[in-house]
Every structure is written in C-alpha cells, then in structure tokens.
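Peer 1: This structure is in structure tokens; I'll ask about it shortly.
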Amino acid sequence: MSAQITQTTSFIGGRHVPSLTTYANIDPATGDHLGDVSRGGAEEIDRAVTAAAKAQREWRRSSPEQRSRLLVATAAAIGAHRDELARIESEDTGKPLSQAYADVDVCARYFEFYGHTIEAYHGQAIPLSDDMHAYTRREPYGVTGHIVAWNYPLQLIGRAAATSLATGNCAVAKPADETPRSTVRLAELIHSVGFPAGAFNVVTGLGAEAGAALAQHPGIAHLGFVGSTQVGSQIAHAAADRVVPTVLELGGKSANLVFADADVDQAIPSLVRSIIQNAGQTCSAGSRLLVHQDIHAEVIEKTAAAMAEVTIGHGLDDPMLGPLISTRQQERVEGFLSDIGAARIVTGGSRPTGLAADLEGGAFIAPTIVDNVAPGSTIAQQEVFGPVVVAMTFADDDEAVALANGTDYGLVSALWTQSLSRAHRLAAEVEAGQVFVNTYGAGGGVELPFGGFKKSGYGREKSMEALDEYTQTKTVVIKL
C-alpha cells in the first residue's frame with residue numbers, strides 16, 4: 001500500500017490507473033494533506049464498466065462453491081490487513097480508531113456472511129400440474145454500479161461488493177471524494193485472492209464527474225447509492241431514464257422514544273452513543289430524543305452529564321468523538337445551531353475548547369443537546385449530520401408515535417420501555433425500516449435487513465434479502 005500513501009489512483013481491471021488531474025485528500029482533524037487523489041471521470045468510468053462486463057462473462061458462470069471460496073478468502077485478507085485498513089479509515093474520516101477497527105471487522109463479516117450463505121441461495125420448484133415442470137432461477141443483473149457516502153467507506157462498499165460478487169455480478173464503485181483510499185485498498189485485496197481481473201473496479205474522483213458518469217452509463221444494469229436524499233433522487237432519475245433497478249439508502253432523522261417506565265440508567269449510554277458515534281455522521285443516528293413528560297428532566301440531565309464526559313480528539317488517538325468530515329460540514333452544523341428559535345442548548349452547541357494546538361483548525365463540534373425543540377422546526381426535520389440531538393416531550397403513546405412519524409424520514413427508531421405490550425404495539429405503528437427495543441443499533445447488523453421507509457430510501461441491503469436485490473427471477477416452464 002506504500003504507493004497509495006502519496007497518490008490514490010483508480011483501480012480498473014486489476015491495475016492502478018492514474019488520471020491526468022488530481023485533488024487533495026485532507027485530514028479533517030488537522031487540515032493536513034494526506035496525499036493526492038486521481039480525479040477520474042467519464043473515460044475512467046467507461047473503462048471500468050468495460051472491464052467489469054468482460055469479467056462478468058466469466059464470473060456469471062462460476063459456481064456458488066467458487067464464489068464462496070473467494071468471498072471467504074477476501075474476508076481473511078481484510079482481517080490480515082486490519083491495522084492498515086483501520087488507520088486509513090481513521091485518517092480519512094476522522095473517526096476514532098476503535099470505531100475504524102469495528103468498520104474493518106464488519107466489512108470482513110460481509111464477505112464471510114455472503115460467502116457462507118450464497119451456497120444456500122436458490123430458486124424454487126412450482127407445483128403447476130403433473131405434465132408441467134416449472135421452476136425459478138435467480139440470475140445476476142450483470143455490471144452493478146455503487147456510489148457510496150464518506151461516513152462508513154469500508155462498511156458501505158463492503159456490503160455492496162460482497163453481495164454483488166456473491167450473486168454473480170461484477171461491479172464498479174465510486175467512493176466518496178473525501179474517503180477513497182480504503183475502497184481502493186479493498187479492490188486490491190479482492191483482486192489478490194483470485195477474483196477475475198475487473199470483477200471489482202474503483203474509480204476515484206468527484207461525485208459530479210465520476211459519480212454522474214457512473215449513474216448514467218448504459219452498461220450499468222443495477223445501481224446502488226448511499227447518501228443524501230437530494231442526490232439519491234438524482235440517482236433514481238438517472239436509473240429510471242434507463243429503466244434499471246436501484247437500491248437507495250438515504251437520509252434519516254431517527255428517534256429514541258423514552259417512556260415513563262424505561263430504565264433510564266440503562267438507556268443513557270445508548271442515547272449518547274447513538275448520536276456521537278462517527279460524530280453523528282450516520283444516516284441511522286439517534287438524532288431525535290422523544291421523552292415522556294414525567295421523566296424528561298431526568299433524561300436530559302443525565303444525558304448532558306454523560307456528554308460532558310465524552311473525550312474529543314484526533315481519531316488515531318482513539319477518543320470517544322472525532323472531527324466531522326470537513327470544515328464545510330462543520331459550518332453546515334453550525335448553521336443549524338444558529339437557527340433553533342425558542343429552543344434551548346443544554347450542552348455543547350459550538351466548537352470545543354481545550355484541544356491540542358495541532359487540532360485547533362480541525363472540524364470539531366462538541367456533543368450537543370438542543371431541548372424544547374418545536375417539532376416542525378428545521379433542526380427537528382432535517383438531517384444535521386453532526387453530534388447534535390434535538391429533544392422533545394410527549395404526554396402519551398399516541399403523541400409519541402405522532403412525533404416519531406412526523407418527519408419525511410423513516411430509517412431507524414428505538415423504544416425504551418419495560419412494557420412488552422407497548423413495545424410490540426408501537427413497533428408496528430412506528431414508520432421505520434428498523435425498530436429496536438431497549439437497545440439501539442446492532443453493531444453492524446450484517447444479518448439484519450436494512451433500509452428505509454419514506455424518503456429514507458427503498459430496497460434492502462444486508463441479510464439474505466440483499467441477495468434478492470442483486471438478482472432477477474427467471475421462470476422456466478417445461479411441458480413434460
């Protein structure tokens with residue numbers, strides 16, 4: 001990987017492909033220059049799609065056993081380079097090193113999981129009549145395209161690549177502008193274990209150039225996108241113009257609903273972790289805190305006290321909270337905090353003080369609680385994408401559900417209650433793709449279907465359901 005430290009290039013057809021122009025990769029904690037990145041565009045995308053199509057002609061005929069063996073070998077290769085990958089991920093994103101290690105482990109788990117499950121994935125025989133033999137086949141689409149966000153580069157591209165390759169597709173990925181290195185390194189590892197050259201290709205560059213070219217390329221048969229709802233809509237339009245299927249994981253404004261019978265002390269660590277993990281730059285972040293009026297003051301006080309103990313620093317020093325991805329994102333978060341109306345900032349709300357001298361120019365925001373937020377306000381409705389939680393009060397179950405469902409998003413929610421009846425009843429009423437009870441998130445949740453309701457997107461990734469997303473059903477009927 002030494003060649004990639006100073007310049008990160010596209011990886012196409014099993015080879016590194018530099019571009020004539022580059023841009024700088026910046027450490028968000030210090031503002032230091034981490035190296036240059038090749039600024040690929042339409043030419044590189046076309047080359048990558050051609051390489052993937054060539055590889056797919058061979059790969060689509062591979063047996064589940066062959067795919068399984070190479071997927072599991074990729075998981076082992078990721079594990080063997082765990083330290084290297086975690087450091088790259090921490091430097092590029094700014095996230096604490098322990099969180100970067102967790103991302104590497106989850107990426108490996110995707111390849112392991114789909115390597116094990118693909119041999120059990122099959123079509124069905126249909127009992128049509130005695131003189132008819134009817135069955136279905138699950139077949140790959142061909143070349144899949146993947147445009148992913150900067151918040152979890154390895155996790156996001158790992159789940160896409162593993163699923164696509166497991167089902168007999170080949171792929172072209174466009175990593176986020178800010179975080180290309182781990183995706184290129186993953187492509188090297190995939191190639192090294194014996195996948196056909198071109199089975200997994202990466203084009204580095206800017207979203208408006210390389211990303212747009214990938215979304216519009218006529219050789220892409222299936223598109224996956226992780227990012228903002230606004231850009232997701234553009235991706236969906238590009239796919240619709242060519243009538244290709246799309247999986248979209250978009251924004252979120254996920255809620256923790258804390259009821260009067262909740263074990264508050266049990267809940268507090270999860271409430272804090274759900275908003276400070278990855279500096280709150282998570283589609284499924286617990287960015288809304290809805291609390292029953294009888295315990296509202298207690299929950300806010302204890303959450304604020306826990307946030308006061310959060311350590312902040314450079315990701316490689318493994319604090320609890322690292323920087324945002326960029327100073328541009330920092331300014332965006334500050335814009336939300338400057339427009340809170342009659343709400344009250346309980347803790348945080350600004351750039352932290354007391355950081356080391358080399359971090360003073362970093363993109364940091366202190367963990368923040370904004371209380372008494374109006375449900376219809378901008379900060380309560382829109383995705384802040386920072387360590388900022390907005391708090392509201394409810395009087396009964398119906399009001400809690402109305403608040404939880406009162407945004408355009410529906411990705412994740414959590415219910416904190418000791419009532420099993422309430423948990424089951426409200427889990428059915430809350431509009432979200434995942435609902436947790438007395439916990440939040442699932443440490444990567446590779447086995448759990450993941451996707452959104454409403455403007456949080458459509459389609460499902462992770463779990464066995466993702467295999468259906470990356471294959472198309474063919475029905476065969478034979479007259480006996």
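The values are calculated or read from the model by the stated rules, or taken from the named source; none is laboratory data. What you see is a predicted model, and the numbers here were worked out from it, not measured in a lab. Cβ: placed from backbone, ideal geometry, glycine included. Neighbour counts: every protein chain shown. These accessible areas exclude ligands, DNA and RNA; they are computed on the full protein's heavy atoms, side chains included. Shrake-Rupley method; radii C 1.70, N 1.55, O 1.52, S 1.80 Å.
Peer 1: List the residue pairs whose Cβ atoms are under 6 Å apart, where the first residue sits in region 24-53 and is of a type in the set (Lys, Arg), the second is open to solvent by 30 Å² or more (accessible area, probe 1.4 Å) and at pLDDT 95 or above, and the two are 6 or more positions apart or on different chains.
Peer 2: Here the result reads ARG39/THR21; ARG39/THR22; ARG39/TYR23, each pair linking region 24-53 to a residue that is open to solvent by 30 Å² or more (accessible area, probe 1.4 Å) and at pLDDT 95 or above.
Peer 1: Moving on. Six or more apart or on different chains, Cβ under 7 Å: which pairs go from a residue in region 127-142 that's loosely packed, with under 12 Cβ neighbours inside 10 Å to one that's of a type outside the set (Lys, Arg) and not in a strand (DSSP E or B)? Could you list them?
Peer 2: ASP131/LEU480
Peer 1: OK, next. Look at region 362-404 and say how many of its residues are open to solvent by 50 Å² or more (accessible area, probe 1.4 Å) and among the small types (Gly, Ala, Ser).
Peer 2: Of the residues in region 362-404, 3 are open to solvent by 50 Å² or more (accessible area, probe 1.4 Å) and among the small types (Gly, Ala, Ser).
Peer 1: Just to verify a result, which residue in region 8-49, among those that are among the aliphatic types (A, V, I, L, M) and over 29 Å from GLY322 (Cα atoms), is surrounded by the fewest Cβ atoms within 10 Å (Cβ to Cβ)?
Peer 2: Filtering region 8-49 for residues that are among the aliphatic types (A, V, I, L, M) and over 29 Å from GLY322 (Cα atoms), the one surrounded by the fewest Cβ atoms within 10 Å (Cβ to Cβ) comes out as LEU20.
Peer 1: Please state which one of ALA215, ALA187, ALA210 is part of a helix (DSSP H, G or I), in contact (Cβ under 8 Å) with a residue 40 or more places away in the chain, open to solvent by less than 10 Å² (accessible area, probe 1.4 Å) and farther than 24 Å from LEU467 by Cα.
Peer 2: Only one candidate passes the filter, namely ALA210.
Peer 1: What residue, among those in region 416-465 that are open to solvent by 30 Å² or more (accessible area, probe 1.4 Å) and among the β-branched types (Val, Ile, Thr), is farthest from the chain's Cα centre (by Cα)?
Peer 2: Result: VAL437.
Peer 1: Separate question: Could you check how many residues of region 91-110 are more than 21 Å from PHE364 (Cα to Cα) and touching a Gly at 6+ places or on another chain (Cβ under 6 Å)?
Peer 2: Result for region 91-110: 4.
Peer 1: Shifting gears a bit: Considering only strands (runs of 3 or more DSSP E) fully contained in region 371-480, which possess at least 3 residues that are among the polar types (S, T, N, Q)?
Peer 2: In region 371-480, the matching strands (runs of 3 or more DSSP E) lie at 471-479.
Peer 1: Suppose we filter ALA75, ALA52 for residues that are in contact with a strand residue (DSSP E or B) (Cβ under 6 Å, 6 or more places away or on another chain), open to solvent by less than 40 Å² (accessible area, probe 1.4 Å), in the same structural domain as PHE200 (by the TED database) and at pLDDT 95 or above; which single one remains?
Peer 2: Every option except ALA52 fails the conditions.
Peer 1: So GLN124 fits all but one of (1) more than 30 Å from GLY315 (Cβ to Cβ); (2) in contact (Cβ under 8 Å) with a residue 60 or more places away in the chain; (3) open to solvent by 20 Å² or more (accessible area, probe 1.4 Å); what number is the exception?
Peer 2: Going through (1) more than 30 Å from GLY315 (Cβ to Cβ); (2) in contact (Cβ under 8 Å) with a residue 60 or more places away in the chain; (3) open to solvent by 20 Å² or more (accessible area, probe 1.4 Å) one by one, GLN124 breaks only (2).
Peer 1: While we're here: Residues being touching a strand residue (DSSP E or B) at 6+ places or on another chain (Cβ under 8 Å), of a type in the set (D, E, K, R) and part of a loop (DSSP other than H, G, I, E, B): count how many of those fall in region 78-97.
Peer 2: 0
Peer 1: Filter region 10-55 down to the residues that are of a type in the set (Asp, Glu) and assigned to a loop (DSSP other than H, G, I, E, B) and list them by number.
Peer 2: Answer for region 10-55, where residues must be of a type in the set (Asp, Glu) and assigned to a loop (DSSP other than H, G, I, E, B): ASP27, ASP32.
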